[in-house]
Protein chains: 2
Amino acid sequence: MKFEAITIKDIAKVLGLSTSTVSRALRDSYEISPETKEKVLAYAREMNYRPNPIALSLKEKRSSSIGVLVAEIANSFFSQVINGIESVAQENGYNVIIAQSKENHAKEVSALHYLASRSVDGIILSVSSETTDFSVIQQMYEKKMPLVFFDRIVDSIQTHKVTVDNFKGAYDATLHLIKNGYKNIACIANAPQLSITSERVNGYKAALEKSKQRFNPANLVYCNHGGLIYEEVEAAMKQLLKQKQKPDAIIGCADKITTNVMRYAQKKRIAIPTDIALIGFSNLDLTDLLSPSLSVVRQPAGEMGKMAAELLIKMIESKRPVSEFQHAVLPAEIFQRSSSAAKKI
Amino acid sequence: MKFEAITIKDIAKVLGLSTSTVSRALRDSYEISPETKEKVLAYAREMNYRPNPIALSLKEKRSSSIGVLVAEIANSFFSQVINGIESVAQENGYNVIIAQSKENHAKEVSALHYLASRSVDGIILSVSSETTDFSVIQQMYEKKMPLVFFDRIVDSIQTHKVTVDNFKGAYDATLHLIKNGYKNIACIANAPQLSITSERVNGYKAALEKSKQRFNPANLVYCNHGGLIYEEVEAAMKQLLKQKQKPDAIIGCADKITTNVMRYAQKKRIAIPTDIALIGFSNLDLTDLLSPSLSVVRQPAGEMGKMAAELLIKMIESKRPVSEFQHAVLPAEIFQRSSSAAKKI
DNA sequence: TTGTATGCGTTATCAT
DNA sequence: ATGATAACGCATACAA
């Protein structure tokens, strides 16, 4: 049997006061005499009184908790985002409830219902790579659930959004390869329906165009599960490498795609970057140590989380419906390893 | 203004029934006539009625949420553990509330108070590397808050514990180096007050002893912040390398220590394993791709999380106080990269 | 079979 | 300056 926490009622009984008096004393109301106030405060401190947040939630019709929906917690990008969210939430007296979709639409829907049924005050989310049907999200939006998208956004829903400059990240990465003499650059992208995918692919294409390299559609392969499954990336690599004109470099458009390309290269004894160069989006801790095999496009994940949490909390706490929605676009950073150390370029 | 969810009272009013009848009909009570039941259920379904979990919590004195306290969410080991916890929690109708200590005792204490004040039904935790004073945890324990420790446990508190076989992990790792001909193996360990630290250090010492190698105290350095700060590991490396008898191999006893040793080696242009070998505890995704620079001791993090969550939920839901506490010890796995692929040894 | 009343912990409103 | 009461949404002991 669990320890019963002390309540206002307990304090009232012991001190021979009414619950309302105690409540007011604790909230430092002006209409309570200094002596009573002192007495109540002293006793409350002594007994380590803490207001019951659940009772408070019931009364205030808010739970002081925000839901976070990501594809996969055990993914460095998402865990870094959650890290940022948690720190801001904590500062503002909110708690963070985590749910994951595992890149699966059905799980995503059930997780959203789950969060809503937990009466979170708002939700920060990144849609699963599988999702093409946004009706559940749309529904929550219409029911005025405060939402903030990050990374993988839904264009058709008008709310705060936080993303990185995916276009520029991919553009810079491609240009980086071109400048280093690569002439036949392939791109393994995430699921085509994701906003981040088209942005990155467009950056890739734009860099080719600007450098007068022709875009070859055979050099662009999509991974519908975001590279989560190794076999998916393996198939993509096989497809790319069976061409007569084999690519001499690859852009990996997601964490998992990048690492699975490396895994494939290792398995097939393809040397990076001797046989083929690789630059990838990745937020893994070690990626800057991996070179010379790899250059890395790193997303400011913690910052994204913080910003998303700030926007959401502002949204929750504003009395009137928000009229102006922000779309914050943060810069990605490209890291390249020189002979000595990883350096930002 | 947020959408107002439908309540039992609303249903009762529309259907001309009392709230208790509706409540009972929804819970499929035997004392309600089939017709009434049908009517209520149909309307509830139509209106997409969901019971308010907060009201339920207030009534039942349980929140159906479990708190998780880790050092750092954005650490692959912890995020993998959280991943496991979340999946089990979800299955059992619990939600997961995250808090992090950042390896700081003051933050740890405040996070614990925070979770308790959020009236979680139980807490899964791994103590911060800084912590030497367990009085707050002890207090919660005495107040019957269900607790499950994982990884970094507190021996003096009698409750369920989930750890990996740290002794054997370090023992095997050391033996692995010895078998490969290393003669002067150093160990960079975590904070000395952590349970995992002494276990790993003991495994290291035992392997040396068994192989008739003398343990040299100068070859053992502790990192009080768990290697979280790069400078800490840098200092440890400098200390080790300034000896006349420089070590020819290093065991890194934590994720961050391992990667920061690599970072140091890279910075100082020390080749791994040519100049010095390294085997480290690490749960990073890429570590098995890093070789030949590194062998890795990997912890079954997801499993630990699942097991911890199962134990905690069982504990929460058992009516009587638990009499027998489990201490589950899971095996660690050592990975070594051969010329072609990472293989488990 | 159904309805009424009470309580979970808190605060706001209305007395006194 | 303080107390009594109602309300948040739900479940349940007790009446009818």
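FYI, it's all coordinate maths here, none of it is from the lab. The shown structure was predicted, so the numbers you read here are calculated from the model rather than taken from an experiment. Positions of Cβ are backbone-derived with ideal geometry, glycine not excepted, and every protein chain shown enters the neighbour counts.
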Notebook entry, point to check: Relative to the first principal axis of the alpha-carbon coordinates of chain A, what is the inclination of helix A:301-317, with its axis defined by its Cα atoms, in degrees from 0 to 90 and to the nearest 10?
Noted result: 40
Next item on the list: Fewest Cβ neighbours within 10 Å first, please rank A:L278, A:L177, B:L220 accordingly.
Entry: B:L220, A:L278, A:L177
Next item on the list: For A:K314, go through the lysines and keep the ones whose alpha-carbon is under 27 Å away, minus same-chain ones fewer than eight residues off.
Entry: A:K59, A:K61, A:K143, A:K144, A:K161, A:K306, B:K2, B:K102, B:K107
Check: Taking Cα pairs under 8 Å and at least six residues apart, what relative contact order does chain B come out at, in percent?
Finding: 17
Check: With a 10 Å Cβ neighbour count serving as the proxy for reagent exposure, in which order, fewest first, do A:R152, B:R50 appear?
Finding: B:R50, A:R152
Next item on the list: Note the full-extension length gain between A:A42 and A:K144 as 0.36 nm times their separation in residues minus their Cα-Cα distance, in nm to one decimal.
Entry: 32.5 nm
Check: In µm²/s, what is D for region B:8-50 at 20 °C and 1.002 mPa s, where D = kT/(6 pi eta Rh) by Stokes-Einstein and Rh is the Kirkwood radius from Cα pairs?
Finding: 217
Next item on the list: Hey, can you grab everything whose amide H is under 5 Å from the amide H of A:Y222? Only 5+ residues off in sequence or another chain; H modelled, so Pro and N-termini drop out.
Entry: A:A189
Notebook entry, point to check: Which distances, in nm and shortest first, link the A:A218 label point to the same label point in every other copy, taking 7 Å along Cα→Cβ?
Noted result: 6.4
Next item on the list: Count neighbours as other Cβ atoms within 10 Å of each site's Cβ, and list the GluC sites (Glu not before Pro) in region B:28-101 that are DSSP loop with at most 15 such neighbours.
Entry: B:E31
Check: So what J values fall out for region A:108-124 if you push phi through Karplus, 6.51 cos²θ - 1.76 cosθ + 1.60 with θ = phi - 60°, rounded to Hz, Gly and Pro as x?
Finding: 4, 4, 5, 5, 5, 4, 4, 4, 5, 5, 7, 6, 5, 7, x, 9, 9
Next item on the list: Round to a whole angstrom and tell me the spacing of the C-alpha centers of region B:127-161 and region A:293-337.
Entry: 36
Item checked: Normalised convex hull volume, region B:211-282, alpha-carbon set, Å³ per residue -> 93
Check: In debye, nearest 20: dipole of the protein assembly as shown around its Cα centre with unit charges on the Cβ of K, R (+) and D, E (-)?
Finding: 1160
Note to self: Quick one: the Cα spread of region A:133-227 along its three principal axes, in angstroms, biggest first?
What the structure shows: 53, 22, 19
Check: Applying the Karplus parametrisation 6.51 cos²θ - 1.76 cosθ + 1.60 with θ = phi - 60° to the phi angles of region A:51-62, what ³J(HN,Hα) value in whole Hz is obtained for each residue in order, glycine and proline being reported as x?
Finding: x, 6, x, 6, 4, 4, 4, 4, 5, 7, 6, 8
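How large is Rg/Rh for the protein assembly as shown, to two decimals, with Cα atoms and a Kirkwood Rh?
On the way: Rg = 27.7 Å, Rh = 27.5 Å.
With Rg and the Kirkwood Rh in hand, the quotient comes to 1.01.
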Margin query: Would you calculate the convex hull of the Cα atoms in region B:199-333 and tell me its volume per residue in Å³?
Written below: 146
Margin query: Please list log₁₀ I(q)/I(0) at q = 0.14 Å⁻¹ for region B:44-89, using the Debye equation with identical point scatterers on the alpha-carbon positions.
Written below: -0.57
Next item on the list: Measure out, as a whole number of angstrom, how far apart the alpha-carbon centroids of region B:66-105 and region A:218-239 sit.
Entry: 31
Notebook entry, point to check: What FRET efficiency do you get for A:K244 and B:N180 if R0 is 51 Å and r is their Cβ-Cβ distance, rounded to the nearest 0.05?
Noted result: 0.70
Check: Across every pair of different alpha-carbon atoms, what Kirkwood hydrodynamic radius in Å does region B:33-136 reach?
Finding: 15.9
Note to self: Suppose only helical runs count, i.e. DSSP H with n ≥ 4. What mean residue ellipticity at 222 nm does that imply for chain A under -39500 (n - 2.57) per run, divided by all residues and rounded to the nearest 500 deg cm²/dmol?
What the structure shows: -13000 deg cm²/dmol
Check: Rounded to a whole number, what is D in µm²/s for chain B from Stokes-Einstein with the Kirkwood radius over alpha-carbon pairs (37 °C, 0.692 mPa s)?
Finding: 145
Check: In nm, to one decimal, how far is the B:E317 label point from the B:E60 one, both placed 7 Å along Cα→Cβ?
Finding: 1.1
Checklist line | Cα convex hull of region B:164-278 - mean projected area over all directions, nm² | finding: 6.3
Note to self: Placing unit charges on C-beta atoms (Lys and Arg positive, Asp and Glu negative, everything else neutral), compute the dipole magnitude of region B:28-71 about its Cα centre in debye, rounded to 20.
What the structure shows: 260
Margin query: Once the label point is set 7 Å along the Cα-to-beta-carbon vector, what list of distances in nm do you get between B:S135 and its counterparts in the other copies?
Written below: 5.9
Margin query: Order these by the 10 Å Cβ neighbour count, fewest first: A:S18, B:S126, B:S87.
Written below: A:S18, B:S87, B:S126
Item checked: R0 of 45 Å, Cβ-Cβ distance A:S156-B:Q213: FRET efficiency to nearest 0.05 -> 0.10
Next item on the list: Within region A:169-240, list the trypsin sites (Lys or Arg not before Pro) lying in a DSSP loop whose Cβ has at most 14 other Cβ atoms in a 10 Å radius.
Entry: A:K183, A:K212, A:R214
Notebook entry, point to check: What residues qualify as long-range amide H neighbours of B:S65, i.e. H under 5 Å apart, gap of 5 or more or another chain, H built at 1.01 Å from N?
Noted result: B:N95, B:D121
Notebook entry, point to check: Between A:P331, A:G16, A:G169, whose Cα lies farthest towards the positive end of the dipole of chain A when Lys and Arg beta carbons carry +1 and Asp and Glu beta carbons carry -1, centred on the Cα centre?
Noted result: A:G169
